[in-house]
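Participant: My structure is below; once you've seen it, I'll send some questions.
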Amino acid sequence: MKPIHVTALLFCVGLGAGWLMKHPTNRSNKPVVMTLESTRSSHTRNKSKRSSLPTNVIARLAPVHSAPNARERLRATIQLASELPVSEMPGWFAHNGYGINDSACLNVFFDICRRRWLEEDPEGLMEEGLNKNWTMFNDIAARWARLDPDRALAFVEGQEDPKIANKLRSAFLQGLVELRPSQALDLILQASKNQYFDASTALTSLAEHHPELLEATTSQWPSPLRENAETILTGTHLQKDFMSGLDHLLELPDAKVRFAKLIQNFQITRKLGNQFIDHLDQLPAEWIDVIAKDQSRTIFQTNPSRWLEADYASAGIDTNTADRLRKNALMVMRYSEPEKALTYLTDHPLDDQTFRYTYSQAVISLSEKDPAAAKEWLQQLQEDENGFKDKLEQQLDQKLNQQGESDRYSSSFDKLLANPNDSDNARDLLNKLYRISENEGQNFAKRIQALPAAEQAQMAQSLVKTGNVSSIPTKLAADLILTAVNHPPTDEEQSTMSNWERQTSKQASEIAVNLVLNDPSAATRWVQKLPTGTTRQWTLRNMAANWSAYDAPAVKAWIATLPNDEQADVLGYMGKDR
């Protein structure tokens, strides 16, 4: 067994700061559900529990419970985890560490046990994780695949249940991508038979590190797996060197087809969108036509303003195609940048149908952010014989009336305020908040902020523990989580607020990921406000893991701004070195 260094572990844990996440998450393109068992309990309850523990467990826990301070308690916990027989570990995991009640100590205990279990009996650890459906199973499996790929793959082949075998292949994949790319490709092909399997992350890594191997192998793959791999390869070539990648793409017999798929891939176009605009004169006319006809408008979402203001004439693009490109940009801008869209429509009138449709959609969208500005834009319209202005005014009034109907949540708000522990009222209020707009969400946030600090905390706690606030308007959800994390429940309240740390970590992670994929600067500012502890730890980890699939250089730069201990933790979670 490898030696356990107490000093390093003391530094990483910070002597008990923060809460404990029992099991981390599977990493995927979505924010992931984390499992965390609360470890807080009163002294009386702890004493009662200890008396019912097996004799051998009580004996092993004695040094932990008798430790005079946090440092010695952590030291005793490390010793326990280092000496505990692997054969006894399933029981300790099943009972959440028995009587280890210090969350930092429990975190260290499970981490050491998992590492020892993986070294001494990886097959047993895999079976335990599969049987108990651990949410951190994929991370453990990927680690095993990196440490001992042959043994891990042999374990897959020994599975009789094809569903279990496929789950293992998917889990081992990330551990094999860099070390055993050929075997990783075989696993992708086998695992892709599952309709829910998404190989994009692994394919992207293979395209970055082993492009020639991926290109040679995927030509024999079935569609659509082959097409997905080809699209990712093309995008990777373009990201490394746009002009060289473009020359490579132009030489392919199916270049136009690949290009059509490429511009519908959001992960790629968000990185390359500006490059396409900068090199419009280098794109074949038929490719420009593909962009103009693409109904998904994915390529326009990164920077619609640039597509609207581009000098198409200098790029040799005809007027008709240029108009179609601008219309696509306007279709995106009517929601993302409604005032810019309205300004353009005023200065550059298009055909009546496009003008009316886009103008009305932009005004309605603007009303959610700035009702007064929306009314001003409405008044700038001239009366016309078709009654367009009158119809739009009716639509706007209806929209603003809906936004002003605070009674939709007022009764539930007041009831919950009167009794913060009433889960039915909290659930009813959340259900109503799921359906409100961002503008209404800001109004609701102001209503909460007007409350005394204690009532703000109670309201936030009730909503967070009852449901998933990450599904309500993002800014409101971010405020609620921040309030809840900064005002955690007391020990007495903890008994009625099940899995508080798991809920706040899960919901904060989902909010951070939603923010970072839309506004990275807002996301990084928000996570810095989270207090030190488990919620912050897992939010940083999940945000980095999800963000890295879209913009790895930006993630790397952001991680470098974190304190040294958080840098090490996030990089370690992502399986990377400094």
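Participant: Is at least one residue of segment 442-460 of a type outside the set (Val, Ile, Thr), farther than 27 Å from residue 533 by Cα and open to solvent by less than 10 Å² (accessible area, probe 1.4 Å)?
Facilitator: Yes, segment 442-460 has at least one match.
Participant: Of all the residues that make up segment 422-466, how many are assigned to a loop (DSSP other than H, G, I, E, B), within 23 Å of residue 513 (Cα to Cα) and modelled with pLDDT under 75? Steps first, answer last, please.
Facilitator: From segment 422-466, those assigned to a loop (DSSP other than H, G, I, E, B) are 422, 434-437, 450-452; that's our starting set.
Then drop every residue that is not within 23 Å of residue 513 (Cα to Cα), which leaves 434-437.
This time we only want the ones that are modelled with pLDDT under 75, so: 435-437.
Final tally of qualifying residues: 3.
Participant: Continuing with the same structure: Would you check if residue 224 is open to solvent by less than 60 Å² (accessible area, probe 1.4 Å), more than 30 Å from residue 278 (Cα to Cα) and out of contact with any strand residue (DSSP E or B) (no Cβ under 9 Å at 6 or more places or on another chain)? Steps first, answer last, please.
Facilitator: Values: open to solvent by less than 60 Å² (accessible area, probe 1.4 Å): no; more than 30 Å from residue 278 (Cα to Cα): yes; out of contact with any strand residue (DSSP E or B) (no Cβ under 9 Å at 6 or more places or on another chain): yes.
Answer is no for this residue.
Participant: Still on this structure, please answer the following. For residue 189, state whether it is open to solvent by 10 Å² or more (accessible area, probe 1.4 Å), in contact with a Pro (Cβ under 6 Å, 6 or more places away or on another chain) and in a helix (DSSP H, G or I). Explain how you work it out, then say what you get.
Facilitator: Numbers: open to solvent by 10 Å² or more (accessible area, probe 1.4 Å): yes; in contact with a Pro (Cβ under 6 Å, 6 or more places away or on another chain): no; in a helix (DSSP H, G or I): yes.
Against the criterion (open to solvent by 10 Å² or more (accessible area, probe 1.4 Å), in contact with a Pro (Cβ under 6 Å, 6 or more places away or on another chain) and in a helix (DSSP H, G or I)), residue 189 does not qualify.
Participant: Every residue in segment 330-371 that is outside any helix (DSSP H, G or I) and either under 17 Å from residue 301 (Cα atoms) or of a type in the set (Ser, Thr, Tyr) (or both), please. Walk me through it before giving the result.
Facilitator: Quick first cut of segment 330-371, residues outside any helix (DSSP H, G or I) only: 337, 348-351, 370.
Within segment 330-371, just 337 meets the criteria.
Participant: Still on this structure, I have one more. Would you say residue 179 is surrounded by fewer than 20 Cβ atoms within 10 Å (Cβ to Cβ), in a loop (DSSP other than H, G, I, E, B) and touching a Pro at 6+ places or on another chain (Cβ under 8 Å)?
Facilitator: Working: surrounded by fewer than 20 Cβ atoms within 10 Å (Cβ to Cβ): yes; in a loop (DSSP other than H, G, I, E, B): yes; touching a Pro at 6+ places or on another chain (Cβ under 8 Å): yes.
Considered against the rule, which asks whether it is surrounded by fewer than 20 Cβ atoms within 10 Å (Cβ to Cβ), in a loop (DSSP other than H, G, I, E, B) and touching a Pro at 6+ places or on another chain (Cβ under 8 Å), residue 179 comes out as yes.
Participant: Another one. From the set of residues in segment 557-578 that are in a helix (DSSP H, G or I) and closer than 17 Å to residue 522 by Cα, which is most open to solvent (accessible area, probe 1.4 Å)? Full working, then the answer.
Facilitator: Taking segment 557-578 as the starting set, the residues that turn out to be in a helix (DSSP H, G or I) are 557-559, 564-573.
Remaining after also requiring closer than 17 Å to residue 522 by Cα: 557-559.
Numbers: 557: 61, 558: 17, 559: 9 Å².
Only one residue tops the list, namely 557.
Participant: Okay, next question. Could you check segment 145-159 and list, in sequence order, the residues that are open to solvent by 10 Å² or more (accessible area, probe 1.4 Å) and more than 24 Å from residue 571 (Cα to Cα)? Working first, answer last.
Facilitator: Step one: list which residues in segment 145-159 are open to solvent by 10 Å² or more (accessible area, probe 1.4 Å), which gives 146-151, 153-155, 157-159.
150, 151, 153, 154, 155, 157, 158, 159 - these are the residues of segment 145-159 that are open to solvent by 10 Å² or more (accessible area, probe 1.4 Å) and more than 24 Å from residue 571 (Cα to Cα).
Participant: Please indicate, with yes or no, whether at least one residue in segment 248-262 is open to solvent by 30 Å² or more (accessible area, probe 1.4 Å), aromatic (Phe, Trp, Tyr) and assigned to a helix (DSSP H, G or I).
Facilitator: No, because not a single residue in segment 248-262 is open to solvent by 30 Å² or more (accessible area, probe 1.4 Å), aromatic (Phe, Trp, Tyr) and assigned to a helix (DSSP H, G or I).
Participant: May I pose another question? Which of the residues that make up segment 197-216 are outside any loop (DSSP other than H, G, I, E, B) and open to solvent by 40 Å² or more (accessible area, probe 1.4 Å)? Show your work before the answer.
Facilitator: Our first condition is that a residue be outside any loop (DSSP other than H, G, I, E, B); within segment 197-216, this holds for 200-209, 211-216.
201, 208, 209, 212, 213, 215, 216 - these are the residues of segment 197-216 that are outside any loop (DSSP other than H, G, I, E, B) and open to solvent by 40 Å² or more (accessible area, probe 1.4 Å).
Participant: Does residue 554 satisfy the condition of being touching a residue at least 24 places away in the same chain (Cβ under 8 Å), open to solvent by less than 50 Å² (accessible area, probe 1.4 Å), among the aliphatic types (A, V, I, L, M) and part of a helix (DSSP H, G or I)?
Facilitator: On the way: touching a residue at least 24 places away in the same chain (Cβ under 8 Å): yes; open to solvent by less than 50 Å² (accessible area, probe 1.4 Å): yes; among the aliphatic types (A, V, I, L, M): yes; part of a helix (DSSP H, G or I): yes.
Taking the combined requirement at face value, the residue satisfies it.
Participant: Can you say whether residue 241 is under 29 Å from the mean Cα position of the chain (by Cα), open to solvent by 60 Å² or more (accessible area, probe 1.4 Å) and of a type in the set (Asp, Glu), as far as the supplied structure shows?
Facilitator: On the way: under 29 Å from the mean Cα position of the chain (by Cα): yes; open to solvent by 60 Å² or more (accessible area, probe 1.4 Å): yes; of a type in the set (Asp, Glu): yes.
For residue 241, the condition - under 29 Å from the mean Cα position of the chain (by Cα), open to solvent by 60 Å² or more (accessible area, probe 1.4 Å) and of a type in the set (Asp, Glu) - is met.
Participant: I've got another one for you. State yes or no: is residue 418 open to solvent by 20 Å² or more (accessible area, probe 1.4 Å) and touching a helix residue (DSSP H, G or I) at 6+ places or on another chain (Cβ under 9 Å)? Spell out the reasoning first.
Facilitator: Numbers: open to solvent by 20 Å² or more (accessible area, probe 1.4 Å): yes; touching a helix residue (DSSP H, G or I) at 6+ places or on another chain (Cβ under 9 Å): yes.
So residue 418 fits the description; yes.
Participant: In this structure, is residue 281 assigned to a helix (DSSP H, G or I), out of contact with any helix residue (DSSP H, G or I) (no Cβ under 9 Å at 6 or more places or on another chain) and either surrounded by 17 or more Cβ atoms within 10 Å (Cβ to Cβ) or not polar (S, T, N, Q) (or both)?
Facilitator: Values: assigned to a helix (DSSP H, G or I): yes; out of contact with any helix residue (DSSP H, G or I) (no Cβ under 9 Å at 6 or more places or on another chain): yes; either surrounded by 17 or more Cβ atoms within 10 Å (Cβ to Cβ) or not polar (S, T, N, Q) (or both): yes.
Spelling it out, residue 281 is indeed assigned to a helix (DSSP H, G or I), out of contact with any helix residue (DSSP H, G or I) (no Cβ under 9 Å at 6 or more places or on another chain) and either surrounded by 17 or more Cβ atoms within 10 Å (Cβ to Cβ) or not polar (S, T, N, Q) (or both).
Participant: What number of residues within segment 325-354 are open to solvent by 20 Å² or more (accessible area, probe 1.4 Å), touching an Asp or Glu at 6+ places or on another chain (Cβ under 9 Å) and of a type in the set (Gly, Ala, Ser)?
Facilitator: Total satisfying the criteria: 0.
Participant: Do we have residue 93 as touching a strand residue (DSSP E or B) at 6+ places or on another chain (Cβ under 9 Å) and more than 15 Å from residue 58 (Cα to Cα) here?
Facilitator: Details: touching a strand residue (DSSP E or B) at 6+ places or on another chain (Cβ under 9 Å): no; more than 15 Å from residue 58 (Cα to Cα): yes.
So residue 93 fails the test.
Participant: Further, regarding this structure: Collect the residues in segment 297-324 that are assigned to a helix (DSSP H, G or I) and either in contact (Cβ under 8 Å) with a residue 60 or more places away in the chain or surrounded by fewer than 21 Cβ atoms within 10 Å (Cβ to Cβ) (or both), keeping them in residue-number order.
Facilitator: Initially, segment 297-324 is screened for residues assigned to a helix (DSSP H, G or I), giving 298-300, 304-309, 319-324.
Across segment 297-324, the qualifying residues are 298, 305, 306, 309, 319, 320, 321, 322, 323, 324.
Participant: Which residue is nearest to residue 388 (Cα to Cα), if the candidates are limited to segment 355-372 and must be surrounded by fewer than 21 Cβ atoms within 10 Å (Cβ to Cβ) and over 32 Å from the mean Cα position of the chain (by Cα)?
Facilitator: Here the residue is 356.
The values are calculated or read from the model by the stated rules, or taken from the named source; none is laboratory data. Fair warning: this is a prediction, and the values are worked out from it, not measured in the lab. No Cβ is skipped: glycine too gets one built from the backbone with ideal geometry, and neighbour counts run over all protein chains shown. What goes into the accessible areas is simple: the full protein's heavy atoms, side chains included, and nothing from ligands, DNA or RNA. Shrake-Rupley method; radii C 1.70, N 1.55, O 1.52, S 1.80 Å.
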